[in-house]
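See below for the structure under consideration.
The values are calculated or read from the model by the stated rules, or taken from the named source; none is laboratory data. Note that the coordinates shown come from a computational prediction; the quantities given were computed from them, not determined experimentally. FYI the Cβ positions are ideal-geometry reconstructions off the backbone, even for glycines, and counts take in every protein chain you see. When the accessible area is computed, the model is the full protein with side chains, heavy atoms only, and any ligands, DNA or RNA have been set aside. Shrake-Rupley method; radii C 1.70, N 1.55, O 1.52, S 1.80 Å.
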Amino acid sequence: MSVIKVAILGFGTVGEGVYRTIQSHAEELTSVLGRKVEVAAVLIKNKQKTRDIREDVLITTDFAEILNLPQLDVVVEAIVDKEQPFTFLNQAIQSGCHIITANKEMFAHHGNELLELAENYNVSVGYEATVAGGIPIIQTLRQLLNVNRVRHIQGILNGTSNFILTEMREKKQSFADALILAQEKGYAEADPTNDVEGFDAFYKTMILSRIAFGEQPNWKNVERAGITSISRELIETAEKMGLRFKHIASISKTGSQINAEVKPVLVGKSHPFYSIEGVENAVNIHSDIVGSITLQGPGAGMYPTASAVIEDLVYVCQNRSSNKSITKTTAACDGEKKGNEKELWLIQGLSKNYNNPLITWVAQASDKIAIIKATKEEIEKLINLKKATCYFQIIGEYDTEIKNKEVTLAVL
Ligand SMILES: NC(=O)c1ccc[n+]([C@@H]2O[C@H](COP(=O)([O-])OP(=O)(O)OC[C@H]3O[C@@H](n4cnc5c(N)ncnc54)[C@H](OP(=O)(O)O)[C@@H]3O)[C@@H](O)[C@H]2O)c1
């Protein structure tokens, strides 16, 4: 029986998970692919670390040695940073290998070049693990895009941020304490900037945008905010008003314009993300035929991420064109119109006596926190005039009739 030879770049959480899953699910892989899958080589950085890898596997710090193997079919990239992995994958494609990556930062930056190069060399690119870990969002979108027109995608795409927000609400912890716990549990890096400032979710959103709408928006026009401005007081007040903070990425397309934003917002009980807690991720796709679909599951971790990579392994070995559905859908979408309509906002610092005919008071939660209805422009004016200190959009349905023992909402 012929064999599919795989090289794994990186032997950390993801790389090791992929290696182990190829061993543990060898039978299933052979059965679906009609060929045995074998790990031929592993690329690492530090040769001194002890690793539980079979003796017949080449372990090297030199990618050239991997490319020189007599047979190599697939290169799985699970390392960090963006330029070096991009170079490795470029070389792999030019050597005729299919490639699979889990590296969202690299793929958000260089995905287009890799996909085009792969098309020229007639090889496939798998990148399921770059977005929402184990949730098969990319394959689902590809399947859906055969005929459906995607209107709008929303996602909780960063498990670390969701974990911190959940801890702050449930255990009444400060942001700093919740972050330390996330680091102790291995959810957050020593430098958590990518997670808590929204960069990680931003990269994933750009990757989703390319699949759903055929292109990425201009990065400079995308609002990106993390969760660092959310205090425990805001979370508690929001909770009393039937709302929860969630860090949500959102993309839609109107005409030729892609609207994307990645920021903390508030959702009420009827929103599908209200109950997404801890490190879970979720993605909601709204498309014209099927309506609204929500997928929920583990957004990271050794085996959930390995699952995404292994599904890609099957996908690329069946040599599907990674660009096929993308080009077709480019002209087909007509997302939600984003005008200057009034929306609901939770706003902090606005004086109760503040009178402005353009703003509608909806509910007063505490001395300094209220819900108002206004356009985004008006809200930004209030901030510029220092009438308020911060604001968060409420998305989805919000029931202003909510009453709570501790808070009397002045519903106006
Ligand atoms: N962890 C997750 O749950 C998850 C989920 C989805 C996507 N991802 C993405 O997957 C990638 C890997 O994540 P991870 O959590 O597995 O990282 P990790 O645990 O830090 O492991 C990184 C691995 O890459 C190796 N490496 C780093 N730079 C290298 C270089 N220049 N040349 C050769 N090897 C190099 C390291 O080698 P040494 O062992 O020798 O140090 C290590 O084995 C990242 O891009 C990440 O964003 C991770």
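When residues of segment 28-41 are filtered for being part of a strand (DSSP E or B) and in contact with a helix residue (DSSP H, G or I) (Cβ under 7 Å, 6 or more places away or on another chain), how many remain?
Looking only at segment 28-41, we keep the residues that are part of a strand (DSSP E or B), and these are 36-41.
If we keep only those that are in contact with a helix residue (DSSP H, G or I) (Cβ under 7 Å, 6 or more places away or on another chain) too, we end up with 36-37, 39, 41.
Looking only at that region, the number is 4.
Going by the structure shown, is ALA41 among the small types (Gly, Ala, Ser), within 13 Å of the ligand (Cβ to nearest atom) and at pLDDT 95 or above? So that I can check it myself, show each step before the final result.
Numbers: among the small types (Gly, Ala, Ser): yes; within 13 Å of the ligand (Cβ to nearest atom): yes; at pLDDT 95 or above: yes.
Against the criterion (among the small types (Gly, Ala, Ser), within 13 Å of the ligand (Cβ to nearest atom) and at pLDDT 95 or above), ALA41 qualifies.
Go through segment 14-37 and give me each residue that's surrounded by fewer than 17 Cβ atoms within 10 Å (Cβ to Cβ) and either over 21 Å from ALA300 (Cβ atoms) or within 16 Å of the ligand (Cβ to nearest atom) (or both).
ARG20, GLN23, ALA26, GLU27, GLU28, THR30, SER31, VAL32, LEU33, GLY34, ARG35, LYS36, listed by residue number.
When you go through (1) open to solvent by less than 40 Å² (accessible area, probe 1.4 Å); (2) under 18 Å from ASN103 (Cβ atoms); (3) over 25 Å from the mean Cα position of the chain (by Cα) one by one for LYS45, which number turns out not to apply?
Just one mismatch for LYS45, condition (1).
Starting from segment 39-52, take each residue that is in contact (Cβ under 8 Å) with a residue 60 or more places away in the chain and list its partners that are open to solvent by less than 20 Å² (accessible area, probe 1.4 Å) and more than 8 Å from the ligand (Cβ to nearest atom), counting only C-beta distances under 7 angstrom and pairs at least six apart or across chains.
The qualifying pairs do not exist here.
Looking at this structure, is LYS172 open to solvent by 10 Å² or more (accessible area, probe 1.4 Å), free of Cβ contacts under 8 Å to residues at least 60 places away in the same chain and over 29 Å from CYS317 (Cα atoms)? Give the steps one after another, and end with the answer.
On the way: open to solvent by 10 Å² or more (accessible area, probe 1.4 Å): yes; free of Cβ contacts under 8 Å to residues at least 60 places away in the same chain: no; over 29 Å from CYS317 (Cα atoms): yes.
Here the answer is no, as LYS172 does not meet what is asked.
Are any residues in segment 108-128 open to solvent by 10 Å² or more (accessible area, probe 1.4 Å) and within 16 Å of the ligand (Cβ to nearest atom), and if so, which ones? First the steps, then the outcome.
Here is the first cut: in segment 108-128, the residues open to solvent by 10 Å² or more (accessible area, probe 1.4 Å) are 109-110, 112-113, 116-117, 119-123.
Within segment 108-128, HIS109, HIS110 qualify.
Assess whether ILE79 counts as being part of a loop (DSSP other than H, G, I, E, B), open to solvent by 10 Å² or more (accessible area, probe 1.4 Å) and within 16 Å of the ligand (Cβ to nearest atom). Before you say what the answer is, go through the steps one by one.
Values: part of a loop (DSSP other than H, G, I, E, B): yes; open to solvent by 10 Å² or more (accessible area, probe 1.4 Å): yes; within 16 Å of the ligand (Cβ to nearest atom): yes.
So ILE79 fits the description; yes.
Of the conditions (1) open to solvent by 20 Å² or more (accessible area, probe 1.4 Å); (2) β-branched (Val, Ile, Thr); (3) over 31 Å from the mean Cα position of the chain (by Cα); (4) more than 12 Å from the ligand (Cβ to nearest atom), VAL57 satisfies every one except a single condition; which number is it?
(1)
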